[in-house]
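Structure, as structure tokens:
Values in this text are rule-based calculations from the coordinates and carry no lab data. It should be emphasised that the depicted structure is a prediction, and the values quoted were computed from it without experimental measurement. Every residue, glycine among them, receives a Cβ derived from its backbone with ideal geometry; neighbour counts consider all protein chains shown.
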Amino acid sequence: MHVLIINGSPRVKQHSNTDKILESFTQGIKENGSTYEQYEISDKKQWEDIRKAYYSNSNILIALPLYVECVPGLLMEFLETLSPKGDGTRIAYILQSGFAEGIQLRCGEAYLEKLTGYLGCEYAGTLVKGDNFSIRFFEGEMRDRVTGPYKEMGREYAANAGFNTDKCKAFTGYEILPLHLRIMLRIIQRTVARTMFAKVARSWGCTRPLGYRPYQ
């Protein structure tokens, strides 16, 4: 199987969490013996090539971040340039977000199923996963712990030409975090996470504390 992969993130490749996910996911695709070609929506110079690939491929995967319950505007701008196919093409999606709970992404998932119909294609399912906000801040083993499981999902996708399997559905994790995890996360946010983000801010050249409010 050959797959057209479209990274629908508006962030440039270097800073795209979605791209880091795809790095792991595509390793799984290759292990199955499948091949792929990948393009970035953030680079408008690629748009004409993406359109050509869209019309010539029958297996399409669109990976995208959920921005406040919405599909990124840059991706929507591109999709509006496409015409419906109606030739049996299958489209699957990777929908990722910083929100940890699966329920936060279900509205976006429902829209993607409708979008597939608007494009005249067959819906091959959506891989839904949250808690990805910090991927681009991590390196090495820390990043691998977060993105590594997507490799198995790449194998699953290649074997089934989609995400309509029990393994893919279970990949989401919690729909709503239980109370003890919500309490634990609140503690982490106020301690470890605050320290980590302050360190990142300093590496970016920030000289003011994160809680600085000059207009208050």
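General observations
- The chain pair-distance distribution - Cα-Cα, 5 Å bins, rounded %: 1, 6, 14, 18, 19, 16, 10, 7, 5, 3, 1, 0
- Placing +1 on the Cβ of every Lys and Arg and -1 on the Cβ of every Asp and Glu, with no other charges, gives the chain a dipole of roughly 1000 debye about its Cα centre.
- Sorted fewest first by neighbouring Cβ atoms within 10 angstrom, 206, 121 come out as 206, 121.
- Virtual spin-label span in nm between residue 49 and residue 189, 7 Å along Cα→Cβ: 4.1
- Relative contact order (%) - criterion: Cα under 8 Å, at least six apart; region: the chain: 22
- The chain, helix-only ellipticity at 222 nm - DSSP H runs n ≥ 4, -39,500 (n - 2.57), divided by all residues, nearest 500: -13000 deg cm²/dmol
- Among 185, 127, 179, a tally of other beta-carbon atoms within 10 Å of each Cβ gives an order, fewest to most, of 179, 185, 127.
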